Amino acid sequence: MNLGVLIPLAIFLIAIFVIGLLASKTSMTAKNGFLQDYFLGGRELGGFVLAMTMVATYGSASSFLGGPGTAYTVGFGWVLLATIQVVTGYFVLLILGKKFAILGRKYNAVTMIDFLKARYNSSAVAILAAIAIIIFLFSAMTAQWVGGGWLIESLTGLQYTTSLFIFAVSVLVYVIIGGFRAVAVTDAVQGAIMVIGTLVLLIGVIIAGGGVPAIMQDLLNENPRLVTPFGADGSLTAAYVSSFWILVGVGVVGLPQMAVRAMSYKSSRAMHRALVIGTIVTGIIMLNMHLIGVFARPVMPGIEVADKVIPLLALEVLPAWLAGIVLAAPMAAIMSTVDALLLLVSSAIVKDVYLNFIKPDATEKSVKWISFGVTGVLGIIVFLLALQPPELLIFLNLFAFGGLEAAFIWPVVLGLYWKYGNKYGAIASMITGIASYIIIHFYNEAYGNLLGVHTVTIPVVLSFLAFVFGSLAIKQKAFEF
């Protein structure tokens, strides 16, 4: 156990607690009502906070542990594939932007399911959406919990189960108490830490490797394919890489945890500022983290669990105190994603299931305590699921991403821009997207990628066709925006 590493990390965790608690006090004194504040921050986010909460929510264990771990294994091909994520926040705010926020306010929507229920005037759409969110986000949350457990295990030498428990308690306290506002404010701090941490660690690994030319030569000597776009084993084909852009680029519009942030800003100026800041910050983080993963290969060869490459590398190439500060970056990424996903699933259960279908007349006080309780129980369930971690985090996380995108991208986007889209199209699209995604996922696991493209590609196309055909086959009155 290295106290020089742990002390800066402990200071970071304490600071996050304090910031979250201060934000929660602001939330409790706000005038928008508990649901608006707990799940949406009162729609008062400024441009910087909006940009950083989007970056921090998207930048997760997958980006800071799984992504570099895969780059360590695959080589520069994964760096190329990962950097297409730079447009993520830009696409979300550009496509959803003003229209989504305006309609969200018009419907008094607190969640994406609120929006879908009001837009299509359908309880079936809301129920399908809630089921999809709960199923797929449990996979995503499990990946984050595992990442947090592995990070603490690498730093402290504690057993994985103990490390996982420490991480779970750390996150649950400020999320349960503070809600969305605490999450957004702490995300802003965590996002800044991510940028600084990635820059410091990139410089550290380059120095340790003897400079970029030396590192590149070492990679070439080991396996020339490590420095090609096709990966160490040649598996990254042009079709796969280009189709992957649907998953981590355009398709991110369909992720509920990202879409809900497009309802939370206070003005058009804030949104425009977030477009610029978010794009720049995402580009810096994604490029740096994945370069670090590749550069680490000659510096620390033979790492058995690739997802541990970042903490192991930081401990190897940086002074202990600086490693502690730098490792706050992946911890920040994991915590910021966990808190967002926890609130999203909690809101799906409390707002979209309990209040809509079980007890619509529940008092605000009872809703408040139910929200706290549901968030806590969800954390416990995910903790139990994370006790048996997968081999590579990134694939568990990307499985969840793909399922959510296949389910939601067209009901959200075409619901905003196509007046003839109706509930029949939305239901057909969601069922087709989810079912085809799961079927093709297991087919690809057994036989290799169908048509050589990423799993999400065909379901997104099929769900689009289902939306159009379903809407046109059973016509309803055109929607008035």
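Side notes on the structure shown:
- All positions within region 244-256 that are open to solvent by 10 Å² or more (accessible area, probe 1.4 Å) and out of contact with any Phe, Trp or Tyr (no Cβ under 8 Å at 6 or more places or on another chain): Trp245, Ile246
- Within region 296-330, the residues that satisfy the criterion of being touching a Gly at 6+ places or on another chain (Cβ under 6 Å), under 14 Å from Leu202 (Cα atoms) and open to solvent by less than 10 Å² (accessible area, probe 1.4 Å) are Val309, Val326, Ala329.
- Single condition Phe469 does not satisfy, out of (1) at pLDDT below 95; (2) over 27 Å from Val260 (Cβ atoms): (1)
- Number of positions in region 195-214 that are of a type outside the set (A, V, I, L, M, F, W, C) and free of Cβ contacts under 8 Å to residues at least 60 places away in the same chain: 3
- For Met286, the requirement of being touching a residue at least 24 places away in the same chain (Cβ under 8 Å) and closer than 22 Å to Leu80 by Cβ is met.
- Lone qualifier among Leu398, Leu392 - being open to solvent by 20 Å² or more (accessible area, probe 1.4 Å) and either modelled with pLDDT under 85 or of a type outside the set (Ser, Thr, Tyr) (or both): Leu392
- Output for region 133-153, where each listed residue is touching a Leu at 6+ places or on another chain (Cβ under 6 Å) and not hydrophobic (A, V, I, L, M, F, W, C): Ser139, Thr142, Gly147, Gly149
- Criterion (polar (S, T, N, Q) and open to solvent by 10 Å² or more (accessible area, probe 1.4 Å)) met by exactly one of Thr337, Thr363: Thr363
Rundown of residues vs (1) out of contact with any Asp or Glu (no Cβ under 7 Å at 6 or more places or on another chain); (2) among the basic types (Lys, Arg); (3) surrounded by 21 or more Cβ atoms within 10 Å (Cβ to Cβ), yes/no style:
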residue: Val374; (1), (2), (3): yes, no, no
residue: Leu378; (1), (2), (3): yes, no, yes
residue: Leu384; (1), (2), (3): yes, no, no
residue: Tyr420; (1), (2), (3): yes, no, no
residue: Ala426; (1), (2), (3): yes, no, yes
residue: Val460; (1), (2), (3): no, no, yes
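- Scope region 223-242; condition open to solvent by less than 10 Å² (accessible area, probe 1.4 Å) and assigned to a helix (DSSP H, G or I); matching residues: Leu226
- Residue count for region 64-91 satisfying the condition of being at pLDDT below 80, farther than 10 Å from Gly278 by Cα and open to solvent by less than 10 Å² (accessible area, probe 1.4 Å): 3.
- Residues in region 264-282 that are in a helix (DSSP H, G or I) and either among the hydrophobic types (A, V, I, L, M, F, W, C) or surrounded by 17 or more Cβ atoms within 10 Å (Cβ to Cβ) (or both): Ala270, Met271, Arg273, Ala274, Leu275, Val276, Ile277, Gly278, Thr279, Ile280, Val281, Thr282.
- Residue satisfying condition, being under 21 Å from Gly324 (Cβ atoms), assigned to a helix (DSSP H, G or I), within 23 Å of the chain's Cα centre (by Cα) and at pLDDT 80 or above, within set Leu199, Leu128, Leu116, Leu151: Leu199
- Conditions (1) surrounded by fewer than 18 Cβ atoms within 10 Å (Cβ to Cβ); (2) in contact (Cβ under 8 Å) with a residue 40 or more places away in the chain: number failed by Glu445: (2)
- When each of Ile95, Ile166 is tested for being touching a residue at least 40 places away in the same chain (Cβ under 8 Å), surrounded by fewer than 24 Cβ atoms within 10 Å (Cβ to Cβ) and touching a helix residue (DSSP H, G or I) at 6+ places or on another chain (Cβ under 8 Å), the lone residue that passes is Ile95.
- Summed over region 215-237, the residues that are over 17 Å from Thr70 (Cβ atoms) and free of Cβ contacts under 8 Å to residues at least 40 places away in the same chain give a count of 5.
- The conditions of being closer than 22 Å to Gly425 by Cβ and either in a helix (DSSP H, G or I) or modelled with pLDDT of 80 or more (or both) are not met by Phe180.
The values are calculated or read from the model by the stated rules, or taken from the named source; none is laboratory data. Computed from a predicted structure; not experimentally measured. A quick note on method: Cβ atoms are made from the backbone with ideal geometry, for glycine too, and the neighbour counts reach across all protein chains shown. The accessibility values were calculated without ligands, DNA or RNA, using every heavy atom of the protein model including side chains. Shrake-Rupley method; radii C 1.70, N 1.55, O 1.52, S 1.80 Å.
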